[in-house]
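The values are calculated or read from the model by the stated rules, or taken from the named source; none is laboratory data. Everything numeric here is computed off the predicted structure, so don't read it as measured data. Every residue, glycine among them, receives a Cβ derived from its backbone with ideal geometry; neighbour counts consider all protein chains shown.
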Amino acid sequence: MKIIDISQPLLEQIPVWPGDTPLTYDLAVTKEQSGSVNVGRIQMSVHTGTHVDAPYHFDVNGDQVNQLDLKIFMGQVRVIHLPNRMSIGASDFEGISLEGVKRLIIRTDSWQDPTRFPETCTYLRPDLVPLLAKKGIQLIGLDVPSVDPLDSKELPTHHALADAGIYILEGAVLSHVEEGNYELIALPLPIVGGDGSPVRAVLRTLSEASY
């Protein structure tokens, strides 16, 4: 078994949504000051790096992050590679079997420079959602900051996924991940009332990948 980290490192240079809270970390108390320990302090948006969106992020009546079902963020997952696309919809899955898949992560390779927030990247078209729901998929993950176009205000794919009961994982690091079946662990923090949460997302290789 091998563990593959698919999380963005949380460093102060990490790119964030334009206008969002930049990440800062410092020592509020040093060992020299306290005589015994260092105590760190962090400030950041909950949508920094690899993160989960709760429906409350885009719907005031939606579930908050502490209300999400943790079982969805743990278990077998399929990673597929769909590069060189402006968007991904149902037609892009012709010939791709999703039978038995409950969690799906798409590697798009469209965020070329991880040190900068992208101007554009691959997004999901809302017409993909009925297919995912029909196949029983409960979580969709991407290697980009949003499942919708970055300039979208209506967020149609976010809403369609929430209506279908499909959770969203964004900002995964997948350039080193091959297509295949893995085990996913990407637990959000129990932020009461939160609209999202950073996650430490990892994949574990399976000795026998089956669905």
- Message: Among the residues that make up region 188-200, is at least one of them of a type in the set (Val, Ile, Thr), over 19 Å from LEU70 (Cα atoms), touching a residue at least 40 places away in the same chain (Cβ under 8 Å) and assigned to a loop (DSSP other than H, G, I, E, B)?
- Response: no
Task: Qualifying residue in region 67-84 (condition: buried (at least 20 other Cβ atoms within 10 Å of the Cβ) and among the acidic types (Asp, Glu)) - done: no
Within region 119-139, the count of residues that are touching a helix residue (DSSP H, G or I) at 6+ places or on another chain (Cβ under 6 Å) and among the aliphatic types (A, V, I, L, M) comes to 5
Screening HIS47, HIS57 for residues that are in contact with a strand residue (DSSP E or B) (Cβ under 7 Å, 6 or more places away or on another chain) and farther than 30 Å from THR205 by Cβ leaves only HIS57
Of all strands (runs of 3 or more DSSP E) fully inside region 101-186, the set with 1 or more residues that are among the hydroxyl-bearing types (Ser, Thr, Tyr) and buried (at least 21 other Cβ atoms within 10 Å of the Cβ) is 167-170, 180-185
Of the candidates VAL199, VAL144, VAL129, the one satisfying the condition of being of a type in the set (A, V, I, L, M, F, W, C) and more than 25 Å from GLY100 (Cβ to Cβ) is VAL144
Subset of region 35-68, residues part of a loop (DSSP other than H, G, I, E, B) and under 18 Å from ILE14 (Cα atoms), comes to MET44, SER45, VAL46, HIS47, THR48, GLY49, THR50
The one condition PRO18 fails out of (1) surrounded by 16 or more Cβ atoms within 10 Å (Cβ to Cβ); (2) touching a residue at least 60 places away in the same chain (Cβ under 8 Å) is (1)
Checked SER152, SER91 against criteria (modelled with pLDDT of 95 or more, of a type in the set (Ser, Thr, Tyr), over 15 Å from the mean Cα position of the chain (by Cα) and over 29 Å from LEU23 (Cα atoms)); the one match is SER91
Result of the Cβ filter at 7 Å on region 50-68, keeping first residues that are without any contact (Cβ under 8 Å) to a residue 12 or more places away in the chain and farther than 12 Å from LEU161 by Cβ and partners that are part of a loop (DSSP other than H, G, I, E, B) and not basic (Lys, Arg), at least 6 apart or interchain, is ASP63/ALA54
Scan region 49-64 and give yes if some residue there is over 22 Å from PRO156 (Cβ atoms), under 14 Å from the mean Cα position of the chain (by Cα) and at pLDDT 95 or above, otherwise no. yes
The correct count of residues that are touching a Ser or Thr at 6+ places or on another chain (Cβ under 6 Å) and not basic (Lys, Arg) in region 89-130 is 7
Across region 69-100, the tally of residues that are part of a loop (DSSP other than H, G, I, E, B) and either in contact (Cβ under 8 Å) with a residue 40 or more places away in the chain or at negative phi (or both) stands at 12
